[in-house]
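Student: Here it is: the structure, laid out below.
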Amino acid sequence: MKETLRLQYDALVIGGGIAGLQSALDLADQDFKVAVIEKDATIGGKMIRLSKVFPTLDCASCITTPKMAAAAHHDNIDLFTYCEVNSLDRSQGRLKASITQKPRYVDPDKCIGCRQCEYQCPVYVPDQEQGGFNLRKAVYIPFSNAIPQLALIDVEHCALCGKCAKVCPTEAIDYFQQPEDFVIEAKTAVLATGFKLTPMDQKKEYGQGQIPNVISSLQMERLLAPHGPYQRVIRPSDGKEPDSIAYVQCAGSRDLSLGISYCSRVCCMYAIKQAMLLSGALPLADITIYYMDIRAFGKGYEQFFQNAKAMGIEFVKAKVGRIEQGENHNVLLRIEEQEGDGRVVRREHDLVVLSLGMVPDWNPAGICPVGTGDDAFIKCVRPKLAPTLTEMEGVFVAGVAAGPKDIVDTIAEAGAAAMEASNYLNSSASGRAA
Amino acid sequence: MSTNQEKKATGEQKKVGIYICHCGGNISDHVDVEKLAENVKDLDGVAVVHTNTFMCSDPGQELIQNDIRDGKVNRVVVASCAPSLHELTFRGAIKRAGMNPYLYEHANIREQVSWVHHGDQATEKATGLVAGAVAKALRLQPLEPIRVEARRHATVIGAGVAGLRAACDLACRGLEVALIEKSPFIGGRTASLGRLVPTGEQAEEVITQIAAKAMANDKVTIYSCTEVVGFEGFVGNFRLTLKRKPPEEPYSAAEPQKIRMDHLEKGEFLPAAGIFPGDVPDKEQEIFLETGAIVMATGFRSYVPGEGEYGYLHSDKVITLAELVELIARYPDRRGRFLQVKGKPVRRMAFIHCVGSRQIPGIHEPDQDGRLNEYCSRTCCAATLQAAVQIRSSFPETQIFDFYRDIRTYGRGQEEVYREASRQRVTFFRFEPEDPPRVQKSSGGKFPLLVSVKDTLTFGEQIDVPVDLVVLATGMEPTPIKELVEMMKLPVGADGFLQEVHPKLRPVEVANTGILLAGTCQAPMDVGEACNAAQAAAAKTTAMLARGYVELDPFVARVDPERCKGTGLCREACPIEGAIELKERQVDGKTVVQAQITPALCTGCGICVAVCPSRALDINGWTLEQYEAMVDAIVAA
Amino acid sequence: MGKPDKEAMKALRKQRKAYIDRAQQEMKKQRKLIKAIKEQIKDEPKTVPRIASEAKLQADQVLLYVAALRKYGQVVEVDKDGDYFTYKLDAEA
């Protein structure tokens, strides 16, 4: 039997999104050796999939890609993509992570990212990177600024026709590739495992994801992004350019019926941002935001909100009770106005966006002894003075893994986690660093 | 020098590569990128032109690197966003490909073109800017960064929770730290807080813990009663002058009785003042400090309502949240039927949110300095509701009415506090900024004050609430540090807080290299958020100083000894003390006086270049010859 | 990868039979759909609802495949017709 590969680092970062990358860069810049483990085939996390970011309206790629490239080229950072962490234990003062690299069915040393395989592959598959609004092939590169630029085969949709192997100029296709197990040993770790959206199919009153022109906020990010599925904003049911778009706030947050009692903290701002981008893309469209409280609390956010109001975006304080399919692919909202005379009214829109909240994308149970809170996010043991400390010695947490957060707060916390981790590396004693 | 001569001098032909970025539509929606590429491809010296959706992405950078490695180009022009965003990104990429990173010129065709012009004009202007950049690129010389030794010493200004946190982390990583605090106590505003949201921890315990840690660390020197009065130098080698002077007693406003410092013990906590760090100076002294980096942690002050704002100062029954929190914090375990304030039971009380925050031009009055606080102070909603819950549970017969615009309990565990307040039967009224609640003294009746509001939750109904006490949820304002801002030339945002370079790319740095931001001097934050920011700043500081040297951009003045006649005009005009000196030199057996530059001090402002009558001065990377060539090229394009 | 071993490929095909069968069925459906869409827009540009009604297809499916064909360079967007854009087979493709 082949001996398991064991790699040695100072620090291990789990998650290659913006939090993980920032922590890794802040550690590597202090001359520590860092391994970044990412479950997807590319680093960049949720942020690289966004259109523009509030409150500066920089394109998300303009901020994320340089950090991705900086991490990819840093002498002190090694990236491990398409990997799962099976366990993370501490013994004799060191952390040991057992990791499985999933097979890409493409030799990473040979693939040059030319996409010949993708062009020739005959099988189309819904592209989740485009919110399901476009198709990719069964062999594909996730997206144009993915790192690494390596193809992978989705075997569940592969007909094994052999075309990709035939056209590959470097003979990189390997249909027989197997998962590979290896071990990373490090002194400290940062958990930056991020979030996923609250599921769309749970709320009966909101159509359980079955109404075609009711889409999630991340799907709208794709519609607004450069290289989006349609390269413009049209609605998915029939390609109509919408005249009237509505946002339903707190659709999946502050909702005890879904078991999600907390505020997801970013939805007000991303809805306002998307509304602004939409009014740029579709100057004649009416945009309405149905909300409970507008939470524009970060630096420059309130001013951003006031600008949106001045631009003519309509803010309606109301509870959306029910969402139904209307005529002509339109969407009907039954809303209970909380201002004015408080009537229940019906309003019709061409396209409706659910401002979904955040739930954790990773559960440490069974992998490492790190506890979680009632909200299922990783528990912080000293939330005031050392917010990145977890229940496990030498293991820190950054970003949305420790509760919903916007990018600005995530980046600050990632720096803080790097500080704690470097303090821990520095203290030769095995005692707590903070 | 003509291009021919230059060719001979360097022995190689200059080959410029132009790399044009679409910025994912940000540029290409307005600039016809393909036409731009066509327009510039035949310019003198241009070897290749490429376009890419995101030139800053890895595939984009590789495009440039491959051309360099293949010997196709030896000068690089990137046409994309503002250089402040990605100049460093591209220099890094060029360096990794084995080329001198300063043989690079940036044309800003986003902020200067596509964001402000449209149609053919945009493409025309972009063509001009790229042509100018090419002309300059042909005249660029390889440069080396200026390496200066850096002191492994950092100074933290402000000993609140952020300053203490940063100081502890910096010391932990082996740096010597000077922690400077204006007051005789450390702990800052946190020392005035009560139970913290949402953990319910007592602020006193939290702040005492971190203060004790700082005091116990022998790498941290605490200078209380101290202000920074002098600042000079540059990253790695700042020189500060501190003034330490005896405190004016009594110190604490909350404890009107005189506090005698000599009765306090080191580490003792004094409510609303902080932790006593051990000594107070008995006479004024001046201290000089040499330090590698400066962390600003000057914190915030609570907004003070104007006279008559919601009845403030017109009635002593109108107080601020900060005052209420201090009152509650002092007696955390007190219980009873009614909350007592100023010796009187409070049967009914009102909270009013967003006082001094979320102000809107045209609705709110600016202060004497003409300033409006348009921002949200972020912490007051949760703090108000926490106080409400605490009062409702300790004094069950005190009724609470809460007047708000939006409830912003965004943080982890904060929504639960909001829910608990509702469960404890706090009554909420919502108002619009143009129709704020009015606070009046009631004539007769059982209650001294009357709060009236047009409640939007009940269809705009006019509601009158008689109360014993009104608490104004006052927001945060940056601590006034005008002297420091002027002395250190710190960037300040429109909101009055210190301004970071970029909220995501460089969130804890200011444009002045070597100066960092921690906590509420940058924006409103709660204790945990301030600690995160402080640790992020400490991480950046450590990375900067850990190697014992820092590298500075080489864009500084240089003197041409053939031309310098020693007039000294440059030294007179130079705004930086010590950046230009006149030195004697031997030339052909004769002694001449000539200008000499100290590169680490020079900021490359170019004033000296403008005043020199013999054109003996130039700025590396921005020479007059380069400027002239750029202007010619732009005009010709 | 060099020439794949025939026996090994056979074994792999057997192991992945369920996936392969499904993919092949999908491919059949996809080919038919793409053919029908291309047929509609080879001579004149049309909107998604028009393609859908004339080819008797679901509009959302038509849009999905039009988007994919655009991405892989076979279809181009032309003018706007009312609230809808029209699409045409790319003559150069």
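The values are calculated or read from the model by the stated rules, or taken from the named source; none is laboratory data. Every value quoted in this text rests on a predicted model; they were computed, and no experiment measured them. Here Cβ is always computed from backbone atoms with ideal geometry, including for glycine, and neighbour counts include all displayed protein chains. Areas reflect the complete protein model, heavy atoms only, side chains present, ligands, DNA and RNA absent. Shrake-Rupley method; radii C 1.70, N 1.55, O 1.52, S 1.80 Å.
Student: Identify, by number, the condition in (1) within 13 Å of chain B (Cβ to nearest Cβ); (2) open to solvent by 10 Å² or more (accessible area, probe 1.4 Å); (3) of a type outside the set (Phe, Trp, Tyr); (4) touching a Pro at 6+ places or on another chain (Cβ under 8 Å) that A:Pro236 doesn't meet.
Tutor: So A:Pro236 meets the others, but not (1).
Student: Within the range B:523-551, track down each residue that is open to solvent by 10 Å² or more (accessible area, probe 1.4 Å), more than 8 Å from chain A (Cβ to nearest Cβ) and under 15 Å from B:Thr155 (Cβ atoms).
Tutor: B:Met544
Student: Out of all the residues in the range C:39-82, which are part of a strand (DSSP E or B) and among the charged types (D, E, K, R)?
Tutor: Those that are part of a strand (DSSP E or B) and among the charged types (D, E, K, R): C:Lys46, C:Glu77, C:Asp79, C:Lys80, C:Asp81.
Yes or no, residue by residue, for (1) part of a loop (DSSP other than H, G, I, E, B); (2) at pLDDT 95 or above:
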residue: A:Ala318; (1), (2): no, no
residue: A:Arg334; (1), (2): no, yes
residue: A:Pro364; (1), (2): yes, yes
residue: A:Cys380; (1), (2): yes, yes
residue: A:Ala401; (1), (2): no, yes
residue: A:Asp409; (1), (2): no, yes
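Student: Go through the range B:560-590 and give me each residue that's polar (S, T, N, Q) and modelled with pLDDT under 90.
Tutor: B:Gln586
Student: Kindly indicate whether any position in the range B:350-371 is touching a residue at least 60 places away in the same chain (Cβ under 8 Å), assigned to a loop (DSSP other than H, G, I, E, B), in contact with a helix residue (DSSP H, G or I) (Cβ under 9 Å, 6 or more places away or on another chain) and away from chain A (no Cβ under 11 Å).
Tutor: Checked the range B:350-371: at least one residue is touching a residue at least 60 places away in the same chain (Cβ under 8 Å), assigned to a loop (DSSP other than H, G, I, E, B), in contact with a helix residue (DSSP H, G or I) (Cβ under 9 Å, 6 or more places away or on another chain) and away from chain A (no Cβ under 11 Å).
Yes/no per residue for (1) open to solvent by less than 20 Å² (accessible area, probe 1.4 Å); (2) part of a loop (DSSP other than H, G, I, E, B); (3) under 30 Å from C:Tyr84 (Cα atoms):
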| residue | (1), (2), (3) |
| --- | --- |
| A:Glu156 | no, no, no |
| A:Val183 | yes, no, no |
| A:Ala189 | yes, no, no |
| A:Gly228 | yes, yes, yes |
| A:Arg232 | no, yes, yes |
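Student: Filter the range A:107-128 for residues that are under 25 Å from the mean Cα position of the chain (by Cα) and more than 18 Å from C:Leu69 (Cβ to Cβ); which is nearest to the other protein chains (Cβ to nearest Cβ)?
Tutor: The extreme case among them is A:Gly113.
Student: Pairs under 7 Å by beta carbon, first residue under 13 Å from A:Tyr124 (Cα atoms) in the range C:8-26, partner open to solvent by less than 70 Å² (accessible area, probe 1.4 Å) and among the aliphatic types (A, V, I, L, M), six or more apart or different chains?
Tutor: C:Ala23/A:Val123; C:Ala23/A:Ala138; C:Ala23/A:Ala159; C:Gln24/A:Ala159; C:Glu26/A:Val123
Student: Considering each of B:Cys564, B:Cys574 in turn, give the residue that is over 29 Å from the mean Cα position of the chain (by Cα), open to solvent by less than 70 Å² (accessible area, probe 1.4 Å) and not assigned by TED's automatic domain parsing to the domain that holds B:Lys35.
Tutor: Checking each option against the conditions leaves just B:Cys564.
Student: Also, quick follow-up: Any idea which of B:Leu449, B:Leu490, B:Leu484 is in the same structural domain as B:Glu374 (by TED's automatic domain parsing) and at pLDDT 95 or above?
Tutor: After applying the criteria, what remains is B:Leu449.
Student: Check A:Gln149, A:Gln178 and return the single one that is more than 16 Å from A:His227 (Cα to Cα), assigned to a loop (DSSP other than H, G, I, E, B), open to solvent by 10 Å² or more (accessible area, probe 1.4 Å) and modelled with pLDDT of 95 or more.
Tutor: None of the others qualify; the one that does is A:Gln178.
Student: Right, here's the next one. In the range B:74-108, what residues are of a type in the set (A, V, I, L, M, F, W, C), under 27 Å from B:Ala122 (Cα atoms) and more than 13 Å from chain A (Cβ to nearest Cβ)?
Tutor: B:Val76, B:Val77, B:Ala79, B:Leu103, B:Ala107
Student: Next question. Restricting attention to the range A:310-336, which residues are open to solvent by 50 Å² or more (accessible area, probe 1.4 Å) and within 14 Å of chain B (Cβ to nearest Cβ)?
Tutor: A:Ala310, A:Lys319, A:Glu336
Student: Hey, does the range B:419-428 have a residue that's crowded, with 21+ Cβ neighbours inside 10 Å and more than 9 Å from every other protein chain (Cβ to nearest Cβ)?
Tutor: Looking for residues that are crowded, with 21+ Cβ neighbours inside 10 Å and more than 9 Å from every other protein chain (Cβ to nearest Cβ), one finds at least one in the range B:419-428, hence yes.
Student: Suppose we filter B:Val355, B:Val341, B:Val346 for residues that are open to solvent by less than 10 Å² (accessible area, probe 1.4 Å) and farther than 27 Å from B:Thr479 by Cα; which single one remains?
Tutor: Of the residues listed, the single one that is open to solvent by less than 10 Å² (accessible area, probe 1.4 Å) and farther than 27 Å from B:Thr479 by Cα is B:Val346.
Student: When you scan the range A:347-384, how many residues do you find that are surrounded by 24 or more Cβ atoms within 10 Å (Cβ to Cβ), within 14 Å of another protein chain (Cβ to nearest Cβ) and aliphatic (A, V, I, L, M)?
Tutor: Result for the range A:347-384: 3.
Student: Additional query: What are the residues in the range B:518-561 that are more than 23 Å from the chain's Cα centre (by Cα) and of a type outside the set (Phe, Trp, Tyr), if any?
Tutor: Once the filter is applied, which keeps residues that are more than 23 Å from the chain's Cα centre (by Cα) and of a type outside the set (Phe, Trp, Tyr), the range B:518-561 yields B:Arg547, B:Gly548, B:Pro554, B:Val556, B:Ala557, B:Arg558, B:Val559, B:Asp560, B:Pro561.
Student: Right, here's the next one. Name the single residue, out of those in the range B:373-409 being part of a loop (DSSP other than H, G, I, E, B), within 11 Å of chain A (Cβ to nearest Cβ) and in contact with a strand residue (DSSP E or B) (Cβ under 6 Å, 6 or more places away or on another chain), that is surrounded by the fewest Cβ atoms within 10 Å (Cβ to Cβ).
Tutor: Checked the range B:373-409; the qualifying residue surrounded by the fewest Cβ atoms within 10 Å (Cβ to Cβ) is B:Arg405.
Student: Residue by residue through the range C:45-58, note down the ones that are open to solvent by 20 Å² or more (accessible area, probe 1.4 Å) and either modelled with pLDDT under 95 or within 11 Å of chain A (Cβ to nearest Cβ) (or both).
Tutor: Of everything in the range C:45-58, those that are open to solvent by 20 Å² or more (accessible area, probe 1.4 Å) and either modelled with pLDDT under 95 or within 11 Å of chain A (Cβ to nearest Cβ) (or both) turn out to be C:Pro49, C:Arg50, C:Ser53, C:Gln58.
Student: Kindly list the number of the only condition in (1) more than 30 Å from A:Cys164 (Cβ to Cβ); (2) open to solvent by less than 50 Å² (accessible area, probe 1.4 Å) that fails for A:Lys96.
Tutor: Just one mismatch for A:Lys96, condition (2).
Student: Where in the range B:477-561 are the strands (runs of 3 or more DSSP E), entirely inside, with at least 2 residues that are closer than 30 Å to A:Ile48 by Cβ?
Tutor: B:515-517
Student: Within the range B:451-470, take every residue that is free of Cβ contacts under 8 Å to residues at least 24 places away in the same chain and away from chain A (no Cβ under 14 Å) and give me the one that is surrounded by the most Cβ atoms within 10 Å (Cβ to Cβ).
Tutor: Taking the candidates together, the pick is B:Ser452.
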